[in-house]
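Visitor: Sharing a structure below in structure tokens format, with a few things to ask.
The values are calculated or read from the model by the stated rules, or taken from the named source; none is laboratory data. Just so you know, these numbers come straight off a predicted model, no measurement behind them. Please note that ligands, DNA and RNA were not included when accessible areas were found on the heavy atoms of the full protein model with its side chains. Shrake-Rupley method; radii C 1.70, N 1.55, O 1.52, S 1.80 Å.
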Amino acid sequence: MASSKILESKQATVDEITDKIKNSESVVVFKYAKSTVSDLQGLRRELKKSDSEVKVYKNTLVKRALDGLNIDLDEYLEGPNAIVFGKDLLEPIKAVSKFAKDHDNIEITTGIIDGKAVSLDTIKDYASIPSREGLITMIAGGLMEHVKKVAIELNLYADKLGGENNN
């Protein structure tokens, strides 16, 4: 039988995982087999920019934490997995997706968004959304196009009025 210290340690880890999931806008689970330590350090540096982190836990402890949250990811928790916890919704997903494209040994399997399990396709959809700055630029560009058209129309109308007064 396991000692009480070991059980307390395991329960503390389960509580830590539960808290991290609850306090994260996005959670991404990925397989990292055959990855080098420097690869994962590079990912950690990239995630730190968006106040996110990557952790490796025993699958059994992750399953216990997810069971407590009524989230079923059991089919994805086989073999070596790492979990990204992100305080931001999009940036961690984008960072892991870009990293996975550049490193064949990283395979995103699933995730949790707003407390609900999501598929790989959903993760890919979120990863394809432009950044906040990109979206603002798109909106500003769209608005500028309308302002430009109004200015041209007003200028043409002013020229027409000016031309009628000269005749």
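Visitor: Whole-Hz Karplus ³J(HN,Hα) for the stretch 34-45, in order, using 6.51 cos²θ - 1.76 cosθ + 1.60 and θ = phi - 60°, x for Gly and Pro?
Guide: Result, ordered by residue: 6, 7, 8, 4, 5, 4, 5, 5, x, 5, 4, 4 Hz.
Visitor: Taking the square root of 5 times each eigenvalue of the Cα gyration tensor, what semi-axes in Å does the equivalent ellipsoid of the chain have, largest first? Intermediate results must be reported in sequence, preceding the final value.
Guide: On the way: eigenvalues 532, 54, 32 Å².
Over the Cα atoms of the chain, the ellipsoid semi-axes are 52, 17, 13 Å.
Visitor: Here's another thing I want to ask about it. Give me the percent of accessible area attributable to carbon and sulfur for the stretch 20-135, probe 1.4 angstrom.
Guide: The C+S portion of the solvent-accessible surface of the stretch 20-135 is 48 percent.
Visitor: Please compute the per residue accessible area over the stretch 1-109 with all protein chains in place, 1.4 Å probe, rounded to a whole number of Å². All intermediate terms of the calculation are to be shown ahead of the outcome.
Guide: On the way: 6370 Å² over 109 residues.
With all protein chains present, the stretch 1-109 gives 58 Å² per residue.
Visitor: Let me ask something additional. Output wanted: per-residue J couplings in Hz (rounded whole) for the stretch 80-86, from phi through Karplus 6.51 cos²θ - 1.76 cosθ + 1.60, θ = phi - 60°, x for Gly and Pro.
Guide: x, 10, 10, 10, 9, 10, x
Visitor: Now, a different point. Rounded to the nearest whole Å³, what is the per residue volume of the convex hull around the Cα atoms of the stretch 1-84?
Guide: Details: hull volume 9.8 nm³, N = 84.
In the stretch 1-84, the Cα hull volume divided by residue count equals 116 Å³.
Visitor: Multiply the residue separation of Val56 and Leu135 by 0.36 nm, subtract the distance between their alpha-carbon atoms, and state the gained length in nm to one decimal.
Guide: Contour length minus Cα-Cα distance gives 25.1 nm.
Visitor: Taking the chain as a Gaussian network, where each spring joins two C-alpha atoms under 10 Å apart, which residue of Glu78, Glu46, Glu25 fluctuates the most?
Guide: Top of the fluctuation ranking is Glu78.
Visitor: Would you compute, from DSSP H runs of 4+ residues alone, the mean residue ellipticity of the chain at 222 nm, taking -39500 (n - 2.57) per run and dividing by the full residue count, rounded to the nearest 500?
Guide: Value at 222 nm, helices only, nearest 500: -19500 deg cm²/dmol.
Visitor: Now for a different question. Report the residue, chosen from Glu133, Glu91, Glu16, that carries the largest GNM mean-square fluctuation when the chain is represented by alpha-carbon nodes joined by springs under 10 Å.
Guide: Most flexible of the set in this elastic network: Glu133.
Visitor: Can I ask one more? With just the Cα atoms of the stretch 87-167, tell me how far they stretch along each of the three principal axes, in Å, largest first.
Guide: 76, 28, 20 Å, listed from the longest principal axis down.
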